[in-house]
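The structure under discussion appears below in the form of structure tokens.
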Amino acid sequence: HGAFSANGHLLYTTENDFGGARGVIGVRDATDGYRWIGEFPSAGVGPHDLTLMPDDRTLVIANGGIETHPATGRRKLNLADMASNLTRIDTRHGDVRQARDVRDVAQKLSLRHLAPTPQGTVVFAAQYQGPRSSMPSLVGILQADGNVTMIDMPKRLIQRMRGYVTSVACDREGRHAVVTSARGNCCAIVDIAGRKVVTVYELPDASGIAVGRENAGFVATSGTGHVVHVDRRADRLATRSQNEHNVLYDNHLARI
């Protein structure tokens, strides 16, 4: 994943120092062919997503906690002692402001995708690496003071998602978030202040999610190639486009 600086001149990217088993944030000059100009530690292992906060200088990074190496493909090398965290870094100097380990909230959660709110909180989506007999909530909120609260998700919804939330997006007011689950074939609307799921929609192979043009709206994509409109006030999804060009969308969707 990547995130631009507020002025668009720099691109920050999540990367790995495989030899040192640590995450790094690469810094590239977007005005000069994305030339690499530096890096700083991500303060964790396996960084996945990152987002620039409303103050225009703080990055929040989801360190997934899972060590991998190109020599072993997608094999997860440290599940026994994995430690996922959420890190705030000041982009001016690469200084770590906060590194919040989430093992006290839920063991074996690998934090993956992030969505900031205008109020400075961050909604995060996770993938569970433990036994299915004890699956925790897969969505949480990081407050500005570092406090982490998990969303109250119905047990049947957690089981349906099979430990896998695909993506997350927040509305412009910071009131609601939408999470997708490809394994669960659904997307769910979250009341951020109430810390609960309020609506679940059917969506086969639900993948990317991004805020739409309307205040209450989002756009979602699916691995079946469909694009749909998600309106938290409606009782069902509205299809925006059929899969006319044989396109299969993955977990990611961005509004530009």
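The values are calculated or read from the model by the stated rules, or taken from the named source; none is laboratory data. Just so it is clear, the structure is predicted and the values come from calculations on it, not from any experiment. Virtual Cβ from ideal backbone geometry, glycine too; neighbours counted across all protein chains shown. Note: accessible area is taken over every heavy atom of the protein model, side chains too, but ligands, DNA and RNA are not part of it. Shrake-Rupley method; radii C 1.70, N 1.55, O 1.52, S 1.80 Å.
Computed over the chain, the alpha-carbon pair-distance distribution with 10 angstrom bins reads 7, 31, 36, 22, 4, 0, each value a whole percent. Only Lys, Arg, Asp and Glu carry charge here, each on its Cβ (+1 for the first two, -1 for the last two); on that basis the chain has a dipole of about 720 debye about its Cα centre. Ignoring ligands, DNA and RNA, what percent of the 1.4 Å accessible area of the chain is carbon and sulfur? The C+S portion of the solvent-accessible surface of the chain is 46 percent. D by Stokes-Einstein for the range 131-256, Kirkwood Rh over Cα pairs, 4 °C, 1.567 mPa s: 88 µm²/s. Sorting the segments 140-151, 82-93 by their mean number of nearby beta carbons within 10 angstrom, highest to lowest, gives 82-93, 140-151. Placing unit charges on the Cβ atoms only, positive for Lys and Arg and negative for Asp and Glu, gives the range 154-218 a dipole magnitude near 320 debye about its Cα centre. A straight Cα-to-Cα reach below 13 Å connects K196 with the aspartates and glutamates D152, residues fewer than 8 places away in its own chain not being considered. Under the combined filter of DSSP loop state and at most 16 neighbouring Cβ atoms within 10 Å, the range 1-110 retains these chymotrypsin sites (Phe, Trp or Tyr not before Pro): F18, Y34. In order along the range 133-150, the Karplus-derived 3J(HN,Hα) couplings, from 6.51 cos²θ - 1.76 cosθ + 1.60 at θ = phi - 60°, round to 6, 9, 5, x, 4, 10, 10, x, 10, 9, 7, 4, 7, x, 5, 10, 10, 8 Hz, and Gly and Pro are given as x.
Compute the accessible area per residue over the chain, keeping the other protein chains in place, probe 1.4 Å, unit Å². Per-residue value: 47 Å².
Out of all Cα-Cα pairs in the range 1-130, roughly what percent, to the nearest whole number, are more than 21 Å apart? The proportion of pairs with Cα distances above 21 Å equals 38 percent. Across the options L248, S167, L203, the greatest Cα extent toward the positive end of the charge dipole of the range 164-256 (unit charges at beta carbon of Lys, Arg, Asp, Glu) belongs to S167. In the chain, helical runs assigned H by DSSP with n ≥ 4 each contribute -39500 (n - 2.57); averaged across all residues and rounded to the nearest 500, the mean residue ellipticity at 222 nm is -500 deg cm²/dmol.
Between V198 and N246, residue separation times 0.36 nm minus the direct Cα-Cα distance comes to 14.0 nm.
The lysines within cross-link reach of K108, meaning a Cα-to-Cα straight distance under 20 Å and a gap of 8 or more places when in the same chain, are K76, K155.
The alpha carbons of the range 68-113 occupy a box of 35, 28, 18 Å along the principal axes, longest dimension given first.
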